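The values are calculated or read from the model by the stated rules, or taken from the named source; none is laboratory data. On a predicted model such as this, the values are computed, not experimentally measured, just so you know. Cβ atoms come from the backbone with ideal geometry, glycine included; neighbour counts cover every protein chain shown.
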Amino acid sequence: MTNNTEVEAVIQQYLRHLDGEGEMPSLDHLSSEDRERAQELMDSLQVARGMEPEASRPSLEQLLVDTKYFESLSPSHPVSEGVSIDELREHLASLQRGPIRVEVDELAQSAGVRSNYLIFVAGHRLRIQVRDELSGSDALRSPDAVVMASPVFGRFHDTAGVVVLVPDEDLSSVVIDPFDSEYCIETPTGKLKGPRVPRPVLPIADAILSFLDEIAPVFEAIPRLDFDSAAGPSFDAGTIARHAISVLVDNGRRARIAAKKAAWGALGEREADAIADLIIAASRGEADDATVDDRLRELAEAT
Amino acid sequence: MTEPNADRGRHPLLADGERERLETIVDVMHQVILKILGHQRREDEERVLVGGASADDVLQESLIALLGYSPSKLKESWERLAVRIARNKAIDAIRSATRGRRDPVTGNEIQVVPLDRAVSSSGSEGPRPIELLPGGRDPEAEFTAIHQELVLRDLARDHLDDRERRIFFEIHYRGRSRADVGREVGLTGARVGQIYAEITLRLRDLAREDPLYSATWEHETDEEIRRDDT
């Protein structure tokens, strides 16, 4: 029967000893099984110290380039039997977010991190995990998909998102960002939320496009309103002006600041007519920005 | 893991299906070299010794030496040989970097000696070691031990949150004190120690379920290889 508490206490005492704060722990009081566990853990500390857990090394290709062994090197895995790099490029051709570069993620593979491909798009790095072993796209909706992705972020902090996909016809995918795998306090409830998949499962191009729209939206230019300056605006300026005034009057009734309540409540037909005239003048090109400012000031001072 | 049937003219470690084994061997060699060369760099720099050799250079030399070893002469596992080569190459690199350098106090030439032959320098006019190297452990045992630590590292990445991972890495691998780590994560040293102890037990339990953790390496004799061929 093992006793984690006793073993943990021994480990803590061993750490104190290594920090120069106490004696070597005795294991005599432990059962034979716990003694073995404790000794194993202490030996492990001795082996591990001096290792560098986050060191990356060159890939085998980089180490053997220009040597006679290079040609004999079998290709690195996983380049997933289900998805070739050409197939992936074909699916991403419709992405329309500027140049896209797709390459085999040898750096992650040499670091022992699961990532099949690396994509550079819209100034961001995305890593692709091809999950041959998953039974279908439904499996991507489970929080396990998040767990699959989190080691990538731990090793490669510059990764904007991990695309976890199954090699079906659409390359169904879900994109995980660095925060999805963390426990977070949700607003406004204040509740603690665990790892979750907040995005829908989509074909890979759609999944990536949706994610890029989230982290790097492309804003379209607001189209310019072109009026026929001779005929004036095609809308009823008077109706619009009166509606705008009535909204302000209603807001003024609910205002708590006395001056605001008084000022907005005083707006009426006279102001609506003046603003309607101003809209028509501006649409005809008869009032520029400075003129609009001056007339609004005159209207305010006259009220 | 036993020796594969070697493709004619191709090194056994470069044979089809052996890539993963070779990656593991190189991972362990890398860590052996890093341990010997010591932590002298920031994360984003290579370790560079006087004279310009780096850990990656030593790793490359070690791998080429390993692949250059004739399979017909092998009397041990490739894994054991790999550790021996990595150790020797790393020590050679340090010796090259220190050649001709003298102790500023005694004026004696500085030498590098293994830990189990360390010479106390107090009151001695003999050579003073500048580096006490891990020694004495059987190379096969060291390969297994380092490989197991790499499996633990991967489990830590997959199963620990950011703070737990940081505590584990800093104490387990980088040898920092509990108090130091506690200051960084906003906890007392005692609490850091508790967390580390709990983590290490948890990871060990997970490791026991991982077949990679319990992998062993054996040397298949020529007779056994020929028997498999028939």
Across region B:166-196, what is the number of residues that are of a type in the set (Gly, Ala, Ser), assigned to a helix (DSSP H, G or I), at the interface with chain A (Cβ under 9 Å from one of its Cβ atoms) and buried (at least 17 other Cβ atoms within 10 Å of the Cβ)?
2
Region A:132-151 - residue that is in a loop (DSSP other than H, G, I, E, B) and in contact with a strand residue (DSSP E or B) (Cβ under 9 Å, 6 or more places away or on another chain) and, of those, surrounded by the most Cβ atoms within 10 Å (Cβ to Cβ):
A:LEU134
What are the residues in region A:113-131 that are closer than 15 Å to A:MET148 by Cβ, of a type in the set (D, E, K, R) and part of a strand (DSSP E or B), if any?
A:ARG127
Of the residues in region A:22-43, how many are more than 7 Å from every other protein chain (Cβ to nearest Cβ), buried (at least 16 other Cβ atoms within 10 Å of the Cβ) and either within 20 Å of B:LEU206 (Cα to Cα) or hydrophobic (A, V, I, L, M, F, W, C) (or both)?
7
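Conditions tested, residue by residue: (1) within 12 Å of another protein chain (Cβ to nearest Cβ); (2) touching a helix residue (DSSP H, G or I) at 6+ places or on another chain (Cβ under 7 Å); (3) closer than 27 Å to B:THR188 by Cα; (4) exposed (fewer than 14 other Cβ atoms within 10 Å of the Cβ).
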| site | (1), (2), (3), (4) |
| --- | --- |
| A:ASN3 | yes, yes, yes, yes |
| A:GLN12 | yes, yes, yes, no |
| A:GLY20 | yes, no, yes, yes |
| A:GLY50 | yes, yes, yes, no |
| A:ASP66 | yes, no, no, yes |
| A:VAL83 | no, no, no, no |
| A:VAL102 | no, yes, no, no |
Take the residues in region B:27-66 that are within 13 Å of chain A (Cβ to nearest Cβ) and more than 18 Å from the chain's Cα centre (by Cα); name whichever of them is modelled with the highest pLDDT.
B:GLU45
Pick out the one residue from A:PRO178, A:PRO188 that is in a loop (DSSP other than H, G, I, E, B), touching a Phe, Trp or Tyr at 6+ places or on another chain (Cβ under 6 Å), on the phi < 0 side of the Ramachandran plot and not hydroxyl-bearing (Ser, Thr, Tyr).
A:PRO178
Please list, ordered by first then second residue, the pairs with beta carbon atoms under 8 Å, 6 or more apart or interchain, first in region B:148-165 and more than 7 Å from chain A (Cβ to nearest Cβ), second in a helix (DSSP H, G or I) and basic (Lys, Arg).
B:LEU152/B:ARG204; B:ALA156/B:ARG165; B:HIS159/B:ARG202
Looking at region A:52-64 only, could you name the residues that are closer than 24 Å to B:LEU152 by Cα and more than 8 Å from chain B (Cβ to nearest Cβ)?
A:SER56, A:SER59
Just one of A:SER26, A:SER94 is out of contact with any Gly (no Cβ under 9 Å at 6 or more places or on another chain) and farther than 30 Å from B:GLY175 by Cα; which is it?
A:SER94
Closer than 27 Å to B:ASP154 by Cα, at pLDDT below 85 and hydroxyl-bearing (Ser, Thr, Tyr): does that describe A:SER173?
no
Just one listed residue, out of A:ILE280, A:ILE257, is among the β-branched types (Val, Ile, Thr) and in contact with a Pro (Cβ under 7 Å, 6 or more places away or on another chain), and it is A:ILE280
Which members of region A:154-193 meet the condition of being of a type in the set (Lys, Arg) and free of Cβ contacts under 8 Å to residues at least 60 places away in the same chain?
A:LYS191, A:LYS193
